[in-house]
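Input: a single structure, listed below in structure tokens.
The values are calculated or read from the model by the stated rules, or taken from the named source; none is laboratory data. What you see is a predicted model, and the numbers here were worked out from it, not measured in a lab. No Cβ is skipped: glycine too gets one built from the backbone with ideal geometry, and neighbour counts run over all protein chains shown.
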Amino acid sequence: MDPRGFPTTLPEFQRVFPTDQACATYLEKLRWPDQFVCAKCKQMGEPYRFAARPQVLRCRACRADTSLTRGTVMDHTHTPLSVWFWAAYLQTTQTPGESATQFQRQLGLTRYETAYQIMHKLRAGMVRPNRDEIGGEHAVELDETLVGGKTKGGAGVHHKVYVIGAVECRQRKAGEAIADGAELRETRPKHRRATYAGRVRLLVASDRQASTCEDFARSNLVRGTVIKTDGWQGYNALGSMGYAHAPVVLRGDSDLADAHLPLIHLVFSLIKTWLAGTHHGVSIKHLQAYCNEYTFRFNRRFYPMTSFNSLLGLGAKTIPPTYEGLYSGGWHHPAAQRQSPQLEMPFQ
Ligand SMILES: [Zn+2]
């Protein structure tokens, strides 16, 4: 079990959400941490429950029904809640994501369309625009890479495009545990072991022009951020744009490049492996969508429960119950901690 209370294995997940009723209980706890309140007559108290329809609660006073899935991606669904929960779990935890075909097979769903629609709705929650700028107190590595060029069985990427990427270099504070993403820590130079990748931004671009990179920086990076780049002249304007530009002249020296820009190189290499291995190459018109999906999962890898809830369309600011609390039935909403900065989902 993950210290943050999120199931890390399939058996654990199965134990936390064994039935549709368990999923319904989870939704109910998120919405009414203390006690059910009827939306219609505002009466508080224990509602009527129906074994055959766990997603519905009925007020004992006015007999109005309240749907637990209202306002979520599961609204008006005929698919059992447990199937949705599995889908969101697999999308959240599997680095390569989940295809509709895989999902249909794994859950034993009769219709492909059901699997496809679930995946489609969950994925829609991943492609939200990146509103927040990254960087600020954290230095950022900025670079671009060529993606594509290979054709596999006629279905691969036929042309190369640029992916411009930026990633935060975060410093681990003393005693701070980084549970996931161990592979993203820089381990070579001993004194830099406390550095790890923070949030990432990726943009597919058809060219490598200074103006493209400048636009990318302007819309993604907080003004004043220290930006590490290679010595390419296309970055020369960053200083006059209000950034603390830290270029290094690499002259094709790849060791030097990796030492100066280790994290963004790692991100590029991971995403290329992911694209090649999982999707067998993707067409350029879908590449930005895949980059968005990658970004979503990457930026939330320390917050899997947030990611899980966010995919299901559950309240983003809601603090989910811990595994222990949920499993034992003793979970109480930590309302007093609502303002805790740690839980404010910094990786939006
Ligand atoms: Zn009522």
Worksheet item: Tell me, which residue of segment 28-47 that is more than 16 Å from the ligand (Cβ to nearest atom) and either in a loop (DSSP other than H, G, I, E, B) or surrounded by fewer than 15 Cβ atoms within 10 Å (Cβ to Cβ) (or both) is modelled with the highest pLDDT?
Response: Asp34
Worksheet item: Which one of these is over 16 Å from the mean Cα position of the chain (by Cα), over 29 Å from Ala39 (Cα atoms) and surrounded by fewer than 17 Cβ atoms within 10 Å (Cβ to Cβ): Thr110, Thr114?
Response: Thr110
Item to complete: Within segment 48-57, work out how many residues are more than 12 Å from the ligand (Cβ to nearest atom), touching a residue at least 12 places away in the same chain (Cβ under 8 Å) and in contact with a strand residue (DSSP E or B) (Cβ under 7 Å, 6 or more places away or on another chain).
Response: 2
Worksheet entry | For Tyr89: the one exception among (1) part of a loop (DSSP other than H, G, I, E, B); (2) in contact with a Phe, Trp or Tyr (Cβ under 8 Å, 6 or more places away or on another chain) | (1)
Discussion item. Within segment 89-111, does at least one residue satisfy the condition of being more than 22 Å from Tyr294 (Cα to Cα), in contact (Cβ under 8 Å) with a residue 24 or more places away in the chain and within 16 Å of the ligand (Cβ to nearest atom)?
Written reply: no
Worksheet item: So which residues in segment 69-86 are in contact with a Ser or Thr (Cβ under 9 Å, 6 or more places away or on another chain) and not in a loop (DSSP other than H, G, I, E, B), if there are any at all?
Response: Leu81, Ser82, Val83, Trp84
Practice prompt. Have a look at Thr19, Thr77, Thr25, Thr9 and point out the one that is away from the ligand (no atom under 16 Å from the Cβ), surrounded by 18 or more Cβ atoms within 10 Å (Cβ to Cβ) and at negative phi.
Written response: Thr25
Discussion item. If I go through segment 193-221 residue by residue, how many of them are over 17 Å from Tyr162 (Cα atoms) and surrounded by fewer than 17 Cβ atoms within 10 Å (Cβ to Cβ)?
Written reply: 4
Worksheet item: So which of Arg70, Arg60 ends up being more than 28 Å from Gly125 (Cβ to Cβ), free of Cβ contacts under 8 Å to residues at least 60 places away in the same chain, of a type outside the set (Asp, Glu) and within 16 Å of the ligand (Cβ to nearest atom)?
Response: Arg60
